[in-house]
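Undergrad: Take a look at the following structure, please.
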Amino acid sequence: MKAEWLLGCSLGGSLLMAGCAQSDKKADAETGKRPNVIFIVADDLGYGDIGCYGARTVSTPNVDSLAARGLRFTDAHSVAATSTPSRYSLFTGMYSWRRDDTGIAAGDAGMVIRPEQETMADLFKAAGYATGAIGKWHLGLGDKTGTQDWNGTIAPGPKDIGFDYSYLMAATGDRVPCVWIENQRVANYDPSAPISVSYKEPFAGEPLGKDHPELLTKLKPSPNHGHDQAIVNGISRIGYMKGGGKALWKDEDIADTIAAKAARFIESHRDTAFFLYVGTNDIHVPRYPHARFAGKSGMGYRGDAILQFDWTVGEIVKALKRQGIADNTLIILTSDNGPVVDDGYQDQAVELLGEHRPWGDLRGGKYSIFEAGTRVPFIVCWPGRVAPGVSDALVSHIDLFASMGKLVGQQPSDGMATDSRDQLPALLGEDRKGRDYVIEAAQTLSVSDGEWKYIAPSNHRPYNALTRTELGNSPEEQLYHLNGDIGERRNVAAERPDIVKSMRATLEREKEKTPGK
Ligand code: NG6
Ligand code: CA
């Protein structure tokens, strides 16, 4: 890691850096130069799912207030249309599609980001920040698939890629193991119920959802979606699991746990600069919100989960205010990928959707190369520094690595984060243009410059009938004029071969870059 101290601390050793962090704290608070940084990454929250992005039938006052005090981006993108590749790119500043092993990770996957790869957490740590990761992980734990010791220390883990503290779900709510993992050990571990996990075969004597629907007291899987294996908390999951006892999570308490752990991290680091990643479980399936929210949106559990997400945001902001550090904390709120309505459980999301449009005016959704797959809510709130407003700048999660590096005076080491560019001026509202183009990934790749969007041909199926998603795959090249056709309805590739040619070339140039170069 190369240090580039912009903050008046040109010191090398980590001890000295820590001292520098302390002594400059007051000055930093005054100048707003060394903010705390919190990333709130929602799961599957769509472009149209929150009030400040146009939702009318569900109310999100806490997110809206963050947007009103901050900068709301209209053209911000995750790198990929599912969680693992999206988060991989966000943390590493490398395109997930340069590797073939960044697809949706199983709950017993090994670390997708290896210890030798630099992450944004490493960057903050080198700048003297305390670092924490709370909530949804989905980037693998341990060395190799299926080899974790769930009854001991799981290593390598977040500590090896820059996070001092972690309190995580290994994968998703719908995947085993259904336990919290704190600093790489199962939290509230129950020695009377040793944990075994398998994605290959069931454990003798453990009932499965597909054979025992009568045990599915909280949620049943949607037909043909799977999610009918291990049963935990009256909900069947993907994967097999045995044991856990009192360590097993209760889905209705997951948001409370995440909010409480985030608040505790904030409180215990009020006197140190910190970087905190909060990955919410909301609004991923299984959606089973706390009774405080259940039935409150009128849209079923999906809408209730949006309310619960909004509440979580409010709790984080409240914790900052209680500590008097809200003005000097930079919050980035975004989503890992676009929305999906039925993603595997009978939660009435489809039936009760009504007028609500999770994707806003965009086409597609989670899993799709159309805009709704990766154009995501993105709010930057830093009251001490960023003027409130709306920005149409073209921005991507890929640039958070280099931009945060710029913010804290660190550069990636050679060969690291090579796809990431410093876009701090755009993130702070000082540059209204942003990137020249963004590249998005689903089963194929696309490139967009904000006005035009080119989708590379793909022989994958065009439609996911289970989730009712238009995936955007076509054996033909596609070109859409987003200015005027934001819904990607009219393929104008044949009319504009000049633009097709230049965008195809841009994509090819990016693909030819060697990772790490
Ligand atoms: C899919 C699951 C879906 C969800 C997704 C991951 C099936 C049929 N569907 O494979 O329910 O878990 O993976 O979502 O198994 S993500 O947002 O974490 O990427
Ligand atoms: Ca997701």
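The values are calculated or read from the model by the stated rules, or taken from the named source; none is laboratory data. On a predicted model such as this, the values are computed, not experimentally measured, just so you know. Neighbour counts are summed over all protein chains in view; Cβ atoms, including those assigned to glycine, are modelled from backbone coordinates with ideal geometry. What goes into the accessible areas is simple: the full protein's heavy atoms, side chains included, and nothing from ligands, DNA or RNA. Shrake-Rupley method; radii C 1.70, N 1.55, O 1.52, S 1.80 Å.
Undergrad: Using only the alpha carbons of segment 290-430, determine the length spanned along each of the three principal axes and report them from longest to shortest in whole angstroms.
TA: The Cα atoms of segment 290-430 stretch 49, 41, 27 Å along their principal axes.
Undergrad: Cα gyration tensor of segment 98-189, axes a ≥ b ≥ c as square roots of the eigenvalues: rounded (a/c below 1.5), prolate (a/b > b/c) or oblate?
TA: oblate
Undergrad: Read phi for every residue in segment 344-355 and hand back ³J(HN,Hα) as whole Hz from Karplus 6.51 cos²θ - 1.76 cosθ + 1.60, θ = phi - 60°, with x for Gly and Pro.
TA: Rounded to whole hertz, the list is x, 10, 7, 10, 6, 4, 5, 4, 9, 5, x, 7.
Undergrad: Once you have a ≥ b ≥ c as the square roots of the Cα gyration tensor eigenvalues for segment 376-517, tell me rounded if a/c is under 1.5, and otherwise prolate or oblate according to whether a/b is larger than b/c.
TA: Judged from the Cα gyration tensor, segment 376-517 comes out prolate (a/c at least 1.5, a/b above b/c).
Undergrad: Which percent of the accessible area of segment 195-353 is formed by carbon and sulfur heavy atoms (probe 1.4 angstrom)?
TA: 50
Undergrad: If I take every Cα pair under 8 Å that is 6 or more residues apart in segment 196-242, average their sequence separation and divide by the length, what percent do I get for the relative contact order? Each step should come with its number before you reach the end.
TA: On the way: 79 pairs, mean separation 21.6, N = 47.
Averaging sequence separation for qualifying contacts and normalising by length gives 46 percent for segment 196-242.
Undergrad: Among ASN328, GLY516, VAL341, whose Cα sits farthest toward the positive end of the charge dipole of the chain (+1 at Cβ of Lys/Arg, -1 at Cβ of Asp/Glu, about the Cα centre)?
TA: The residue sitting farthest along the positive end of the dipole is ASN328.
Undergrad: Under the √(5λ) rule applied to the eigenvalues of the Cα gyration tensor, what semi-axes describe the equivalent ellipsoid of segment 322-362? Give them in Å, descending.
TA: Equivalent-ellipsoid dimensions as semi-axes: 33, 13, 11 Å.
Undergrad: Another question, then. Separation of segment 179-247 and segment 41-62 by C-alpha centroid, Å?
TA: Answer, in whole Å: 31.
Undergrad: On to the next question. Once amide H atoms are placed 1.01 Å from N in the peptide plane, what residues at a sequence separation of 5 or more from ALA493, or on another chain, have their amide H within under 5 Å of its amide H?
TA: LEU479
Undergrad: Please work out the Kirkwood hydrodynamic radius for segment 108-159, using every pair of different C-alpha atoms, and report it in angstroms with one decimal place.
TA: Result for segment 108-159, one decimal place: 11.9 Å.
Undergrad: Rounded, prolate or oblate: which fits segment 263-324 when a ≥ b ≥ c are the square roots of the eigenvalues of the alpha-carbon gyration tensor, with rounded for a/c under 1.5 and prolate only if a/b beats b/c?
TA: Values: a/c = 3.79, a/b = 2.37, b/c = 1.60.
Cα axes put segment 263-324 in the prolate bin.
Undergrad: Here's another thing I want to ask about it. What aspartates and glutamates could a cross-link reach from LYS318, if we take a straight Cα to Cα line under 15 Å and drop same-chain neighbours fewer than 8 places away?
TA: Once the sequence-local aspartates and glutamates are set aside, what remains near LYS318 is ASP64, ASP256, GLU267, ASP310, ASP327.
Undergrad: Probe of 1.4 angstrom, ligands and nucleic acids ignored: what's the accessible area per residue over the chain, in square angstrom?
TA: Using a 1.4 Å probe on heavy atoms only, each residue of the chain averages 37 Å².
Undergrad: If you don't mind, there's one more thing I want to ask. Report, by chain and number, residues whose modeled amide H sits under 5 Å from the one on TYR345, excluding near sequence neighbours (fewer than 5 apart, same chain).
TA: Under 5 Å from the amide H of TYR345: SER222.
Undergrad: Further, regarding this structure: On a 18 Å Cα-Cα criterion, which of the cross-link pairs LYS321/LYS406; LYS144/LYS200; LYS159/LYS406; LYS220/LYS250; LYS218/LYS250; LYS261/LYS321 come out too long?
TA: LYS321/LYS406; LYS159/LYS406
Undergrad: Keeping every protein chain in place, order LYS200, LYS406, LYS210 by accessible area at 1.4 Å, biggest value first, i.e. largest first.
TA: I get LYS200, LYS210, LYS406, largest accessible area first.
Undergrad: What number results when the radius of gyration of segment 279-358, computed over Cα atoms, is divided by 2.2 N^0.38 Å?
TA: With N residues counted in segment 279-358, Rg over 2.2 N^0.38 Å equals 1.24.
Undergrad: Further question: Which value, in debye to the nearest 20, gives the size of the charge dipole of segment 399-480 about its Cα centre, when Lys and Arg are +1 and Asp and Glu are -1 at the Cβ?
TA: Values: 8 positive and 13 negative charges, 51 e Å.
That gives segment 399-480 a dipole magnitude of about 240 debye.
Undergrad: What Kirkwood hydrodynamic radius, in Å, does segment 189-312 give when the mean of 1/r is taken over all pairs of distinct Cα atoms and then inverted?
TA: 16.3
Undergrad: How large is ³J(HN,Hα) for each residue in segment 399-405, as worked out from phi by the Karplus curve 6.51 cos²θ - 1.76 cosθ + 1.60 (θ = phi - 60°), to whole Hz, x for Gly and Pro?
TA: 8, 5, 4, 5, 5, 5, x
Undergrad: Around LEU248, which amide H atoms from residues at least 5 apart in sequence, or from another chain, sit under 5 Å from its own amide H, with H modelled in the peptide plane?
TA: For LEU248, whose amide H was placed from the backbone, there are no distant partners under 5 Å.
Undergrad: Given an 8 Å cut-off on Cα distances and at least 6 residues of separation, report the relative contact order of the chain as a percent.
TA: Averaging sequence separation for qualifying contacts and normalising by length gives 23 percent for the chain.
Undergrad: Using a 7 Å offset from Cα along Cα-Cβ at PHE203, what residues in segment 239-254 end up with backbone N under 16 Å from the label point?
TA: What the label zone holds, given the 16 Å backbone N cut-off, is 239-249.
Undergrad: In debye, nearest 20: dipole of the chain around its Cα centre with unit charges on the Cβ of K, R (+) and D, E (-)?
TA: Dipole magnitude for the chain comes out near 580 debye.
Undergrad: Whole percent per 20 Å bin, from 0 to the bin with the longest distance: what is P(r) over all C-alpha pairs of the chain?
TA: It works out to 24, 59, 18, 0, in whole percents.
Undergrad: May I ask what percent, to the nearest 5, of DSSP beta bridges between residues of the chain are antiparallel?
TA: In the chain, approximately 50 percent of DSSP beta bridges are antiparallel ones.
Undergrad: Give me the Kirkwood hydrodynamic radius of segment 131-180, using the inverse of the mean 1/r over all pairs of distinct Cα atoms, in Å to one decimal.
TA: In segment 131-180 this quantity evaluates to 11.2 Å.
Undergrad: Which value at 222 nm does the chain reach when only helices count, each DSSP H run of 4 or more adding -39,500 (n - 2.57), with the total divided by all residues and rounded to the nearest 500 deg cm²/dmol?
TA: Helix-only estimate at 222 nm: -6500 deg cm²/dmol.
Undergrad: Which residue, TRP311, VAL278, GLY300, has the largest displacement toward the positive end of the dipole of segment 229-318 when charges sit on each Cβ (Lys, Arg +1; Asp, Glu -1)?
TA: Going by the Cα projections, it comes out as GLY300.
Undergrad: So, with +1 on the Cβ of K and R and -1 on the Cβ of D and E, and no other charges, what is the size of the charge dipole of segment 152-221 about its Cα centre, to the nearest 20 debye?
TA: Roughly 140 debye, rounded to the nearest 20.
Undergrad: Just need log10 I(q)/I(0) for segment 393-442 at q = 0.14, 0.18, 0.19, 0.30 Å⁻¹, Debye formula, equal scatterers on the alpha-carbon atoms, no solvent, rounded to two decimals.
TA: -0.34, -0.54, -0.60, -1.15
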